[in-house]
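Below is one structure, written out as structure tokens, with a few remarks after it.
The values are calculated or read from the model by the stated rules, or taken from the named source; none is laboratory data. Every value quoted in this text rests on a predicted model; they were computed, and no experiment measured them. Note: ideal-geometry Cβ built from the backbone for every residue, glycine included; neighbour counts use all protein chains shown. When the accessible area is computed, the model is the full protein with side chains, heavy atoms only, and any ligands, DNA or RNA have been set aside. Shrake-Rupley method; radii C 1.70, N 1.55, O 1.52, S 1.80 Å.
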Protein chains: 2
Amino acid sequence: MKVIDGTIASPLGFSADGLHAGFKKRKMDFGWIVSEKPASVAGVYTTNKVIAAPLIVTKTSVKKAGKMKAIVVNSGVANSCTGTQGLEDAYTMQEWTAEKLGVEPDLVGVASTGIIGELLPMDTLKNGLSKIVVNGNADDFAKAILTTDTATKTIAVTETFGRDVVTMAGVAKGSGMIHPNMATMLGFITCDANISSETLQLALSQNVEKTFNQITVDGDTSTNDMVLVMSNGCTLNEEILPDTPEFDKFSKMLNFVMQELAKKIAKDGEGANKLIQVDVVNAPNALDARMMAKSVVGSSLVKTAIFGEDPNWGRILAAVGYAGVDVPVDNVDIMIGGLPVMLASSPVAFDDEEMKDIMHVDEVTITVDLHAGREKGTAWGCDLSYDYVKINALYHT
Amino acid sequence: MKVIDGTIASPLGFSADGLHAGFKKRKMDFGWIVSEKPASVAGVYTTNKVIAAPLIVTKTSVKKAGKMKAIVVNSGVANSCTGTQGLEDAYTMQEWTAEKLGVEPDLVGVASTGIIGELLPMDTLKNGLSKIVVNGNADDFAKAILTTDTATKTIAVTETFGRDVVTMAGVAKGSGMIHPNMATMLGFITCDANISSETLQLALSQNVEKTFNQITVDGDTSTNDMVLVMSNGCTLNEEILPDTPEFDKFSKMLNFVMQELAKKIAKDGEGANKLIQVDVVNAPNALDARMMAKSVVGSSLVKTAIFGEDPNWGRILAAVGYAGVDVPVDNVDIMIGGLPVMLASSPVAFDDEEMKDIMHVDEVTITVDLHAGREKGTAWGCDLSYDYVKINALYHT
């Protein structure tokens, strides 16, 4: 597998565009991804019981058509908590886009992120659709879906399948606590491999638990979170089937793309200065390991300690202890940046100067060794800073 | 039931004392509660898998003896993550106290709070035991168990049982994120009612879920959390038995005392400016209601919004949505200080000035009406301020 300097339109047969339609004051706020032929599609959606209108529409169409030709996204208004009018507007957004492309509405996925409780400004949407083009600027799509993110989040890779080279690309927006609201996580992945929607969904579901579901900024789950994968088969490779070496290869590819996007989202958490990676190793099983890793990376006390560059092993061990996992914690080693701070659940002396250097970086890795098995799990998060409080306290609804 | 201006020593047959032994630099750090006769005892202990030595000792003795004559507490050193030496020291703390009182070691409960990973300074302990007296100053006990708490936490009530007046008192320490570590919650309750340890445990277990387990400062659970209840029967009332009106009366009394202590702890959360109470009403069952209430009060986004005095209904509804409870959320009303901000899961306009006044207080109540049943649940927490980050980031291990 090779990482390439690409965009969401790097896979064969895909194009993307982004522009400023007027959902936001100045920044780009409207974009789409188009596949020249209907692509296999797979999706995962928010686990929040409160589900935004665009997710209902997209989820329904994915189920109905089993294919997707385009994804249209606006940022600035989330079309969430907007009742029946909001649902109607999401369907209209899908229809208008389908008309412009001359395809069935069910072949169009819709996504929104931004203020919740506000209706979509349909004239603004119409304006955006009048200007957007096929074969536009894919970099602008990555910009158009952002809210309070400080940077675009894109990754592209290639992998050989026999004589064929398959390209996969991903773009995401992350965890800004959006005016006035929640961290919406949107992820869009394109690929030119020949794979069925069912097999694609299998690969997506397998990997989402280990990637997007293992990041946390503040534990709050948005009503608009969604990840969509389209694969259009333009490489004309032999179809990738489950339980084959090719599937494993494809799954690894997808895992890498999703993990890279997840890490970019965690690192860009609102007010964040540092990416925190927690590896729980030698656990009885992978699920327990992931739960413990997420418990540590989600602890406000650990997050503030990392912000303060404080190697606070006590808070880490405590978070391991309340992860709700039935694993013995009497023989736990904890390393920060590889330097042991706790061995066999008792603190050990370490060189303060060495630790200072280890923590004074923008990516801190915490390793928790349970000595209780052979499985491992990883989670990603960010530190908790004054800026987090500032950004989320000082906005007024 | 009548609230009285009392101390932990107000119930008949109890005395308490507190002093500075040297676990801390200057502040009081050592105290005890003594009952003139062995009291029935009940306890609840941390759910953290990492359990501090004093809890292991106390839990074992409570189980073994089924009675308690004294509780001895030190603050400043938690005797947590201290291995076999720590366990030995906790047993020694129990033995020395028992010797001084001339009772069986199993009749003495021990508790510690403070720095974790440090051994108990046994000379300091000896010094404290040499100075502490029976019939000392009960107010000093309330002070001696504090760490970074900003105020003592005491409540006392009386209730008539037939011709007898039963007195119950409680004292607690709360949620300072202690140098270098975690919020330890300690609660001690004394009563002079005649009730068996088994019945007392029943009443305690019934009420802890609705009180101490419904508060959150930052979701982190300490290795030292413990609540102990002693009831010595000095009122000579008829024994209180389960499934009787007297038991219900006693249980209500205990619930009130625990709830008042829980609220005092939440309000004094580190860096906290406001107490937040979340009432989830008209739920299908009480457990779901409590889970949803705790989800809202534990949301960093809600906490920062309350700090900023921002009536952010979106964050509240989202937290209801991800509480992990299978309850329809399409017809939710949300009131802040009684003023509706959301009706039937859609936002409603409200008077900004009126809302400003409502939020500019030190106790904010959020009501979530699910219209899905007749049960309710309440949780308490505090806002998330700059000071929380400051206190927890700027300390260095």
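Remark on A:SER196: its backbone amide H falls under 5 Å from those of A:ILE240, a criterion applied only to residues 5 or more positions apart or on other chains, H modelled at 1.01 Å from N. Ordered from longest to shortest, the equivalent ellipsoid semi-axes for region A:1-64 are 24, 21, 13 Å, each the square root of 5 times a Cα gyration tensor eigenvalue. Quick one: which bits of region B:299-313 get at least 30 Å² less accessible when the partner protein chains are in, versus the chain alone, with a 1.4 Å probe? At a threshold of 30 Å² (probe 1.4 Å), the residues of region B:299-313 that become less exposed are B:SER300, B:LEU301, B:THR304, B:GLY308, B:ASP310, B:ASN312, B:TRP313. Stretched out straight at 0.36 nm per residue, the stretch from A:LEU236 to A:HIS360 would grow longer than its current Cα-Cα span by 39.8 nm. Computed on chain A, with alpha-carbon pairs under 8 angstrom and 6+ residues apart, the relative contact order is 18 percent. Ligands, DNA and RNA excluded, the heavy atoms of B:MET28 present near 60 Å² of accessible surface to a 1.4 Å solvent probe.
Amide H contacts under 5 Å for A:LYS153: A:ALA172, restricted to partners 5 or more places along the chain or on a different chain, H placed in the peptide plane at 1.01 Å from N. Among the lysines of region A:30-87, pairs that are 8 or more positions apart or on different chains and have alpha carbons within less than 17 Å of each other number 5. In sequence order, region B:21-38 has phi-based couplings of 9, x, 5, 10, 4, 10, 5, 4, 8, 8, x, 8, 10, 10, 9, 5, 10, x Hz under the Karplus curve 6.51 cos²θ - 1.76 cosθ + 1.60, θ = phi - 60°, and Gly or Pro positions carry x. Its relative contact order, with pairs defined as Cα atoms under 8 Å and 6+ residues apart, puts region B:288-350 at 26 percent. Averaging the inverse of every distinct alpha carbon separation and then flipping it gives the Kirkwood radius. What is it for region B:271-369, in angstrom units? Hydrodynamic radius (Kirkwood, Cα pairs) of region B:271-369 is 13.4 Å. Given in Å, the Rg to one decimal and the Dmax to the nearest whole number for the Cα atoms of region A:194-319 are 17.4, 54. Axis angle, to the nearest 10 degrees, between helix A:197-208 and the longest C-alpha principal axis of chain A: 30 degrees.
Placing a label point 7 Å from Cα along the Cα-to-Cβ direction at A:VAL134 gives distances to the equivalent points in the other copies of 9.4 nm, listed shortest first. Could you compute how much accessible surface A:TYR386 exposes when probed at 1.4 Å, giving the result in Å² to the nearest 10? Only protein atoms counted, so the area is about 70 Å².
The angle between the Cα long axis of helix A:245-267 and the longest principal axis of the Cα atoms of chain A comes to about 80 degrees, rounded to the nearest 10.
Annotation: amide H of B:SER80 within the under-5 Å range of B:GLY117, B:GLU118, sequence separation 5 or more or interchain, hydrogens built in the peptide plane.
Can you send over the carbon and sulfur percentage of the accessible area for region A:81-218, probe radius 1.4 Å, protein chains only? Solvent-exposed carbon and sulfur of region A:81-218 make up 50 percent of the total.
Taking the Cα centre of each part, how many Å lie between region B:357-384 and region B:197-239? Here the two parts' Cα centres lie 24 Å apart.
Here is the size of region A:286-341 from its Cα atoms: Rg then Dmax, 11.0, 31 Å. With contacts taken as Cα pairs under 8 Å at a separation of at least 6 residues, region B:32-182 carries a relative contact order of 22 percent.
Using a 1.4 angstrom probe, figure out how much accessible area chain B has per residue, in square angstrom, rounded to the nearest whole.
Normalised by residue count, the accessible surface of chain B is 36 Å².
DSSP assigns beta bridges within chain B; of those with both partners inside it, close to 70 percent run antiparallel.
With kT/(6 pi eta Rh) evaluated at 20 °C and eta = 1.002 mPa s, and Rh the Kirkwood radius from Cα pairs, region A:1-148 diffuses with a coefficient of 140 µm²/s according to Stokes-Einstein. The candidates B:PHE161, A:PHE256, arranged from most to least accessible area with a 1.4 Å probe in the full protein assembly, appear as A:PHE256, B:PHE161. Comparing chain A with the 2.2 N^0.38 Å rule of thumb, its C-alpha radius of gyration ratio is 1.01 (two decimals).
Considered as an equivalent ellipsoid built on the Cα gyration tensor, the protein assembly as shown has semi-axes of 53, 29, 21 Å, the largest given first. In terms of accessible area, using a 1.4 Å probe and ignoring ligands and nucleic acids, A:THR150, A:THR92 rank largest first as A:THR150, A:THR92. Roughly speaking, to the nearest percent, how much of region A:238-377's 1.4 Å accessible area is carbon and sulfur? Roughly 49 percent, rounded to a whole number.
For region A:282-297, 3J(HN,Hα) computed residue by residue from phi via the Karplus equation (6.51, -1.76, 1.60; θ = phi - 60°) reads 6, 9, x, 8, 5, 5, 4, 4, 5, 4, 5, 4, 6, 4, 5, 6 Hz, glycine and proline entered as x.
Diffusion coefficient (Stokes-Einstein, Kirkwood radius over C-alpha pairs, 20 °C, 1.002 mPa s) for region B:218-259: 166 µm²/s, rounded to a whole number.
Rounded to the nearest 500, the 222 nm mean residue ellipticity of chain B from helices alone is -10000 deg cm²/dmol, with -39,500 (n - 2.57) taken per DSSP H run of at least 4 residues. Build a GNM of chain A with springs between Cα atoms under 10 Å: which of A:ASP279, A:ASP164, A:ASP326 gets the top mean-square fluctuation? Greatest mean-square fluctuation among the candidates belongs to A:ASP326. Working note: Karplus 6.51/-1.76/1.60 with θ = phi - 60° gives region B:386-391 the couplings 4, 4, 4, 4, 4, 4 Hz, where Gly and Pro are set to x. Where both bridge residues fall in the protein assembly as shown, DSSP classifies roughly 70% of the beta bridges as antiparallel. In the complete set of protein chains, residue-level accessible area for A:THR82 is approximately 20 Å², probe 1.4 angstrom.
How far is helix B:83-101 tilted off the main Cα axis of chain B, in degrees rounded to 10, range 0 to 90? Approximately 60 degrees, to the nearest 10. The A-B contact accounts for approximately 4300 Å² of buried accessible area, totalled over both chains at a 1.4 Å probe radius.
Net charge of the neighbourhood of A:VAL332, taken over other residues with C-beta under 12 Å away and scored Lys/Arg +1, Asp/Glu -1, is -2. Taking only alpha carbon atoms, region B:104-153 gives an Rg to Rh ratio of 0.97, where Rh is the Kirkwood radius. Listed by chain and number, the aspartates and glutamates whose alpha-carbon sits under 15 Å from that of B:LYS100, ignoring those within fewer than 8 places in the same chain, are B:ASP17, B:GLU36.
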